[in-house]
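Here's the structure we're looking at; comments come further down.
Only the coordinates and a few stated rules stand behind these numbers; no lab work does. These figures come from a predicted structure and were not determined experimentally. Note: ideal-geometry Cβ built from the backbone for every residue, glycine included; neighbour counts use all protein chains shown.
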Amino acid sequence: MNRIDSRITRTVALFATLAALAVQPARAADQGGGMPGEWLSQYAGARALGMGGANVAMADDALGILWNPGGLSQLDQNQLMFENLHLFEDTSLNGFSIAVPGSWLPSFGLSMVSMSSGDFQRTNDVNDALGSFKEGETAYLFTMARGFSPRFSVGTNVKLVQQTIEDFSGGGFGIDLGAMYQLTPQFKVGFSALNLGGPSITLRQTAETYPTEYRGGVTLNALNGRAFITTEIDQSTGLGTRFHGGAEYWIQPGLAARIGYDDTRATGGFSYRFLPAYQFDYGVADHPLGMTHRFGLTYRFGGFFAASHADPEVFSPTGEKAVTKIDLNAHTKSGAESWTLELHDKSNAVVRKFGGPGQPPAHLLWDGKDESGMPMADGTYRYQLTVKDKEGRILIGPMRQVEIFTNGPQGAVPVLPVQ
């Protein structure tokens with residue numbers, strides 16, 4: 001091997017090992033630091049990191065395709081997702097993904113994940129400084145997923161990976177396969193096989209092929225969808241067998257906390273939803289080299305949804321604005337089978353319930369009375385639209401607020417979504 005090949009090999013090994021130390025447990029890095037494609041295999045975004053990197057049986061966001069492309073068909077709304085991971089020695093990882101769920105057409109996604117290094121020193125044969133250079137790797141993934149029923153879906157990634165170091169560059173293609181199966185309403189399993197047939201990248205003379213990796217896991221839904229417990233086992237050549245586990249709990253409709261275990265280290269994080277189409281994710285992990293932090297931002301729009309909105313948002317059954325009109329809107333993957341709108345008081349008891357077969361009407365009127373026709377007390381009430389389609393899928397709209405106010409002049413208080 002000549003000097004250039006040796007320098008490239010050493011630089012790639014250093015860069016890959018640095019990334020491995022940052023994005024995976026120390027034990028795995030010791031076993032296989034510098035394995036081809038390790039940075040992509042062990043990528044952990046903000047939400048997944050908070051659950052210890054266990055995501056193969058959840059994978060319910062746009063970048064979930066990195067764990068299991070079959071999870072893409074679970075999405076209801078279109079998603080734009082961006083993540084940033086600032087690691088050690090000026091190394092950083094960035095991820096971007098757009099996902100479009102389908103009904104009779106498959107779901108599609110397009111993602112890009114990149115890793116860039118800090119500066120490496122360039123020298124000649126007698127170690128004279130000749131400036132610096134950087135190393136970078138980028139993966140482009142095109143995803144297609146199909147749900148054969150509300151319980152079973154499969155998906156695939158076709159990915160192109162490019163690597164550049166000094167004046168050398170190379171690229172290669174690979175395939176990922178994944179599947180998701182809902183055993184019961186509370187229990188789901190996921191499986192994926194990554195790097196089938198590549199990518200294989202040649203920078204100068206020697207090709208380096210990403211090892212095939214197999215992942216399997218389960219997710220348990222608890223507390224009526226407010227909590228999730230998930231575990232995952234990964235197996236690949238060089239990295240061996242690794243275990244991930246974690247939990248997610250939605251303290252409020254717009255605030256979640258997470259805790260996890262990534263083979264040898266503790267992780268954690270949280271999410272905050274606002275406006276209500278946006279979600280901010282944060283993940284943190286402990287490591288001997290220092291704490292690592294991940295940040296993510298998701299924007300949801302269009303697609304399949306259920307939504308409701310009261311007008312006016314403050315009304316008085318004994319005043320000029322005696323009723324409030326609640327607009328209803330829903331777009332389901334298959335025909336709507338039934339719908340319900342529930343109004344809750346401050347103790348979360350259902351005080352009024354509307355519903356019927358098929359698509360919800362354009363609007364309904366609420367006069368501030370309960371199921372028995374008795375007037376409700378002044379205060380703030382929450383309402384939420386739920387729609388079930390003919391294949392059993394359930395869409396739950398954001399929780400919103402409306403106020404009854406009869407003591408004095410009516411004001412204008414904004415409805416605050418608390419999803």
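Details
- Cα-Cα over 32 Å, subset of 321/346; 188/369; 188/333; 333/369; 321/390: 188/369; 333/369; 321/390
- Between residue 274 and residue 323, the modelled label-to-label distance comes to 3.7 nm, taking each label 7 Å out from Cα in the direction of the beta carbon.
- Within segment 300-372, GluC sites (Glu not before Pro) in DSSP loop having at most 14 other beta-carbon neighbours inside 10 Å: 320, 371
- Table column - 3J(HN,Hα) (Hz), segment 236-251, Karplus curve with 6.51, -1.76, 1.60, x for Gly and Pro: 8, 5, x, 8, x, 9, 10, 10, 10, x, x, 9, 10, 9, 8, 5
- At 1.306 mPa s and 10 °C, Stokes D of segment 305-404 from Kirkwood alpha-carbon radius, µm² per second: 115
- Partners of residue 353 within straight-line reach, counting aspartates and glutamates whose Cα lies under 16 Å from its Cα and excluding those fewer than 8 residues away in the same chain: 327, 342, 345, 367, 370, 371.
- Counting only Cβ charges, +1 for Lys and Arg and -1 for Asp and Glu, the dipole size of segment 305-404 around its Cα centre is about 320 debye.
- Residue among 344, 366, 386 farthest towards the positive dipole end of segment 305-404, charges placed on Cβ: 386
- Interchain or long-range residues, amide H under 5 Å from residue 303's placed H: 78
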